[in-house]
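Data block below; observations after.
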Amino acid sequence: MRKSIIFTISLFLLLATSAYANLHNNGIDSLGNQLIYDDYFNVTWYDYSNTADTWQNQVDWADALSVTVEDNVYNNWRLPTTAGGEYVGGVDGTTTGGLNITSSEMGHLFYTDLENNGTYDTSGVYQPDYGLKNTGDFQNLKDSWYWTGTEYSPNPGLAWHFVFSNGVQGFNIESRNNYAIAVHPGNIASTANTVVPEPISSTLFLVGASVLGFRRFRKA
């Protein structure tokens, strides 16, 4: 029984701390947009989706973006990137295009950080619950097409994109209108507005109290 209780507590704590483990809500900027730090890539996501536009216009938007957080101004923003190279499609996550690709910043955000599913799993099995079902602390992420900042090297008139409605990474002509989201190197935080998660100590107290009560009940 004791081993069973310890296992139950361990499993509970693992589940309580693993969801969106790489993402940290660091508060808001002067406009009220959230800053979400990704410690896997060491970048801060700016939770704002710029209106759909051409690739070059979105690159220029991110490059000109200036974000004020308390007394600090941050202006080294860019579009998320991917490894690029020649397009090789697939679903097992090892290709440059297709599904389940977590090597790119948006792919990692979609699949790993937010724990969403693509249309097919890595074995090619259809997943009816695909798409942007989980958004975590993001409030302005859309289930649509987003430009990366990476051009398609075999043809500079094309650029890579990521589709949040189905988890596909691919490329398209740069004149197409897609949304854009920006990232900034490093950890940007607003000390006044940072969302502090509920301390896990309170959870431990409740679980421990329950176990203690159960053991006393068993002895009675």
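Bear in mind that the values in this text are calculations on the coordinates, not laboratory data. Quick caveat: nothing in here was measured; it's all calculated off a predicted structure. We place every Cβ from the backbone using ideal geometry, glycine too, and count neighbours over all the protein chains shown.
Using packing as a proxy for protection, rank 103-115, 78-90, 121-133 so that the peptide with the highest average count of other Cβ atoms within 10 Å comes first.
Ranked from most to least packed, the peptides come out as 103-115, 78-90, 121-133.
Got a sec? How would Ile181, Ile28 order by Cβ neighbour count within 10 Å, fewest to most?
Arranged by neighbour count, lowest to highest, Ile181, Ile28 become Ile28, Ile181.
For Ser30, Ser144, what's the fewest-to-most ordering of other Cβ within 10 Å of each Cβ?
Ser30, Ser144
If you rank Ser66, Ser165 by fewest surrounding Cβ atoms within 10 Å, what's the result?
Ser66, Ser165
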